[in-house]
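The values are calculated or read from the model by the stated rules, or taken from the named source; none is laboratory data. The shown structure was predicted, so the numbers you read here are calculated from the model rather than taken from an experiment. When we count neighbours, we look across all protein chains shown, and the Cβ atoms used for this are built from the backbone with ideal geometry, even at glycine.
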Amino acid sequence: MNNAYKKYIPFRQIPLPDRKWPQNTITKAPVWCSVDLRDGNQALVDPMNLEEKLNFFQMLVDVGFKEIEIGFPSASETEYEICRTLIERDLIPDDVTIQVLVQAREHLIRKTFDAIHGAKNVIVHFYNSTSTLQRKIVFRTDMDGVIDIAVDAAKLIRKLTEKEVSETNMNIRYEYSPESFSGTEVENSVRICDEVLETLGAAPEKKVIINLPDTVEMCTPNTYADQIEYCIRNMKHRDSAIISLHPHNDRGTGVAATELALLAGAERVEGTLFGNGERTGNVDIVTLALNMYSQGVDPQLDFSDIRHVREVYEHCTSMKVPPRQPYAGDLVFTAFSGSHQDAIKKGVDAMKAHDKPYWEVPYLPINPADIGRAYEPVIRINSQSGKGGAAFVMQQSFGFQLPKAMQAEFGAVVKQACDEAGRELLPEEVYGLFSKEYLEVKSPYNLKAYKLAEENEDEENAEGSGAVSFSGNLRFHHTDHPVSAVGNGPVDAFFRALAQVSIRDYSFVTYQEHAISRGSDSKAVSYIHLKDAQGKDAFGVGIDSNISLASIKGIICAINRSRRAKANQ
């Protein structure tokens with residue numbers, strides 16, 4: 001590249017020193033118009049067939065779009081067919097307006113009106129290119145010539161509308177786009193838009209959509225916002241216009257440009273799902289809408305089942321949503337980093353513990369469940385994961401709430417397994433490690449038969465004395481050793497029984513317990529923390545339908561694991 005960059009001309013900034021948009025905030029959703037069936041479709045290697053278009057249209061309706069650009073009916077028979085099919089099969093809900101695109105050329109405009117005949121609500125969207133470069137290279141005319149093209153088209157469209165409405169009582173609205181607005185001098189954009197508004201008879205009670213497209217994204221988002229604010233300030237007939245945006249993504253900042261342009265006063269956005277469109281695509285309406293959602297603004301679109309939306313999109317377009325696509329990608333709510341996993345787990349735990357009214361979880365801008373995303377993939381385990389990640393997987397996928405003191409130990413087990421495998425571990429594999437490490441430990445001490453019973457000194461006293469007896473059969477060194485003892489509780493009784501076979505070098509630190517299933521098959525899990533004679537920690541886990549027996553199983557598990565660790569030193 002070296003010095004080749006010198007051939008590019010920097011974009012001319014807009015003279016707007018007192019711009020107002022930086023102080024504004026987005027507080028409500030714009031009017032959304034999907035252009036998936038036109039802009040999105042024409043960008044596909046294999047455009048959608050009729051069945052796919054109808055399927056996609058229905059999905060857009062289900063999501064909540066009230067304005068849908070269905071195509072360019074004058075461009076081809078295929079485009080004409082989708083328009084006629086929607087109308088003749090009565091597939092357009094009464095509260096949905098279809099939009100059709102047409103160049104500012106007489107024969108194309110007439111064919112477009114043939115295509116929309118009989119529809120209830122239609123936006124006729126016409127355009128002609130106005131940019132400095134296109135005037136110079138493509139049309140070889142001045143701005144007056146470009147304005148004449150737009151005005152002549154507006155006159156014909158108004159005439160054909162009056163005829164159509166008198167015959168069918170259709171509701172026809174207008175939209176005009178100075179195509180390549182982003183490359184047009186802002187004063188010329190204002191001039192042509194005012195001329196078109198006057199020609200169409202626009203009025204405050206009969207507004208015309210003025211669409212100001214970032215046809216090729218040529219400048220930073222703040223400059224696009226300046227362009228929009230300049231036009232809004234200087235249009236003579238601003239009160240008779242709905243200011244619309246149609247951003248593309250050539251610089252990769254389409255979403256930012258749209259948000260700043262909304263701050264500048266735009267009221268409507270044309271875009272596509274997941275940003276499909278020519279070159280680097282149109283602006284992504286899913287991201288825009290859910291960005292608003294994350295700021296407490298109702299986007300007026302329903303993405304509560306984003307998986308279904310994605311499935312229809314991928315089926316109809318043969319495009320794939322990238323794994324890092326905001327909100328919808330497979331990995332966008334996924335944390336591999338140990339510190340991120342720990343923060344997410346603590347955030348989720350705090351939400352549950354305090355029943356907070358607001359979503360406050362680090363690294364998750366929205367609750368994945370709000371858009372139909374599951375919690376299981378939020379934290380995934382690889383060699384970068386930490387103790388919190390393994391604990392989160394065990395809690396969300398299997399119901400185990402590992403104590404904080406135990407998480408580091410199990411996290412190290414999982415990390416070692418990841419290093420050895422050289423890949424991500426699935427939740428089932430994490431559980432397998434947990435089971436092997438804690439639940440399947442049966443040596444050197446195997447508790448084969450056991451029972452607990454309350455000791456009541458006073459038969460008439462229903463509550464008894466609180467003493468508990470334990471009896472069981474502890475197998476070690478290939479021999480069964482009957483043990484029994486009485487204590488002031490199940491744990492004390494079991495420790496007294498262990499002392500009978502000279503297992504005395506462990507002190508009880510603490511335990512935690514909780515249910516891991518519901519209903520008649522509910523079981524309890526007990527997490528035991530012991531210390532050996534040298535003060536080293538030993539953790540064990542026990543599961544049983546009886547919580548006291550679960551604790552006893554946890555104790556023998558901790559002792560077995562401690563003895564195994566010493567044997568391996």
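Could you pull out the residue among 134, 103, 99 that is in contact (Cβ under 8 Å) with a residue 60 or more places away in the chain and assigned by TED's automatic domain parsing to the domain that holds residue 72?
On the way: 134 fails: in contact (Cβ under 8 Å) with a residue 60 or more places away in the chain; 103 fails: in contact (Cβ under 8 Å) with a residue 60 or more places away in the chain.
Being in contact (Cβ under 8 Å) with a residue 60 or more places away in the chain and assigned by TED's automatic domain parsing to the domain that holds residue 72 holds for just one of 134, 103, 99, which is 99.
For the range 157-180, what are the residues that are in contact with a strand residue (DSSP E or B) (Cβ under 9 Å, 6 or more places away or on another chain) and without any contact (Cβ under 8 Å) to a residue 12 or more places away in the chain? Quick ask: steps written out before the conclusion?
Let us first name the residues in the range 157-180 that are in contact with a strand residue (DSSP E or B) (Cβ under 9 Å, 6 or more places away or on another chain), namely 157-158, 160-161, 164-165, 170-180.
Selection gives 165 alone.
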- So, first residue modelled with pLDDT of 80 or more in the range 362-389, second residue crowded, with 17+ Cβ neighbours inside 10 Å and part of a strand (DSSP E or B), Cβ within less than 9 Å, six or more apart or across chains; the pairs are 363/335; 364/335; 389/335; 389/379; 389/381
- Quick one: residue 7 ticks every box in (1) surrounded by 18 or more Cβ atoms within 10 Å (Cβ to Cβ); (2) free of Cβ contacts under 8 Å to residues at least 12 places away in the same chain bar one, so which box is it? (1)
- Message: I'd like the full set of residues that are touching a Phe, Trp or Tyr at 6+ places or on another chain (Cβ under 8 Å) and within 30 Å of residue 9 (Cα to Cα), limited to the range 162-188.
- Response: 176, 177, 178, 179, 182, 186
- Item | Check on residue 355, farther than 17 Å from residue 291 by Cβ and not assigned by TED's automatic domain parsing to the domain that holds residue 59 | yes
- Message: Could you check the range 11-45 and list, in sequence order, the residues that are buried (at least 16 other Cβ atoms within 10 Å of the Cβ), part of a helix (DSSP H, G or I) and not polar (S, T, N, Q)?
- Response: 21, 36, 37, 38, 39, 40
- Starting from residues that are among the charged types (D, E, K, R) and closer than 25 Å to residue 246 by Cβ, keep the ones in the range 75-110 and report whichever is surrounded by the fewest Cβ atoms within 10 Å (Cβ to Cβ). 95
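When you go through 285, 381 one by one, which is the residue that is assigned by TED's automatic domain parsing to the domain that holds residue 414, in contact with a strand residue (DSSP E or B) (Cβ under 6 Å, 6 or more places away or on another chain) and among the β-branched types (Val, Ile, Thr)? Break it down into steps so the answer makes sense when it comes.
On the way: 285 fails: assigned by TED's automatic domain parsing to the domain that holds residue 414.
Of 285, 381, the one residue that is assigned by TED's automatic domain parsing to the domain that holds residue 414, in contact with a strand residue (DSSP E or B) (Cβ under 6 Å, 6 or more places away or on another chain) and among the β-branched types (Val, Ile, Thr) is 381.
Among strands (runs of 3 or more DSSP E) lying entirely in the range 189-298, which contain 2 or more residues that are more than 22 Å from residue 43 (Cβ to Cβ) and modelled with pLDDT of 95 or more?
Numbers: elements: 208-214, 241-247, 268-271.
Output list reads 208-214, 241-247.
Matching residues to (1) modelled with pLDDT under 95; (2) within 31 Å of the chain's Cα centre (by Cα); (3) within 21 Å of residue 178 (Cβ to Cβ):
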{"position": "61", "(1), (2), (3)": "no, yes, no"}
{"position": "70", "(1), (2), (3)": "no, yes, no"}
{"position": "75", "(1), (2), (3)": "yes, no, yes"}
{"position": "89", "(1), (2), (3)": "no, no, no"}
{"position": "106", "(1), (2), (3)": "no, no, yes"}
{"position": "116", "(1), (2), (3)": "no, no, no"}
- Note on the structure: Residue hits (the range 154-207; among the small types (Gly, Ala, Ser) and over 41 Å from the mean Cα position of the chain (by Cα)) are 154, 166, 201
- Task: Please give the number of the condition residue 267 fails out of (1) without any contact (Cβ under 8 Å) to a residue 60 or more places away in the chain; (2) surrounded by fewer than 19 Cβ atoms within 10 Å (Cβ to Cβ).
- Result: (1)
- Query: Do we find a residue being over 20 Å from the mean Cα position of the chain (by Cα), surrounded by 14 or more Cβ atoms within 10 Å (Cβ to Cβ) and aliphatic (A, V, I, L, M) anywhere in the range 371-389?
  - Reply: yes
- Note on the structure: Those residues of the range 483-540 which are of a type in the set (A, V, I, L, M, F, W, C), more than 25 Å from residue 448 (Cβ to Cβ) and either under 38 Å from the mean Cα position of the chain (by Cα) or part of a loop (DSSP other than H, G, I, E, B) (or both) amount to 515, 533
- Task: For the range 530-544, enumerate the residues that are surrounded by fewer than 22 Cβ atoms within 10 Å (Cβ to Cβ) and closer than 20 Å to residue 399 by Cβ.
- Result: 543, 544
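Given the structure, is residue 478 farther than 18 Å from residue 450 by Cβ, of a type outside the set (A, V, I, L, M, F, W, C) and surrounded by fewer than 16 Cβ atoms within 10 Å (Cβ to Cβ)? Please lay out each step first, then the result.
Working: farther than 18 Å from residue 450 by Cβ: yes; of a type outside the set (A, V, I, L, M, F, W, C): yes; surrounded by fewer than 16 Cβ atoms within 10 Å (Cβ to Cβ): yes.
The answer is yes for residue 478.
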- Hey, residue 23 hits all of (1) assigned by TED's automatic domain parsing to the domain that holds residue 245; (2) within 23 Å of residue 299 (Cα to Cα); (3) polar (S, T, N, Q) but one; which does it fall short on? (1)
- Note on the structure: Within the range 414-428, residues buried (at least 16 other Cβ atoms within 10 Å of the Cβ) and part of a helix (DSSP H, G or I) come out as 414, 415, 417, 418, 427
- Residues of the range 193-210 satisfying the condition of being over 16 Å from residue 161 (Cβ atoms) and crowded, with 23+ Cβ neighbours inside 10 Å: 193, 210
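Looking only at the range 489-503, which residues are surrounded by fewer than 16 Cβ atoms within 10 Å (Cβ to Cβ) and at pLDDT 90 or above? Don't jump to the end; show me each part of the working.
Here is the first cut: in the range 489-503, the ones surrounded by fewer than 16 Cβ atoms within 10 Å (Cβ to Cβ) are 489, 499-502.
499, 500, 501, 502, listed by residue number.
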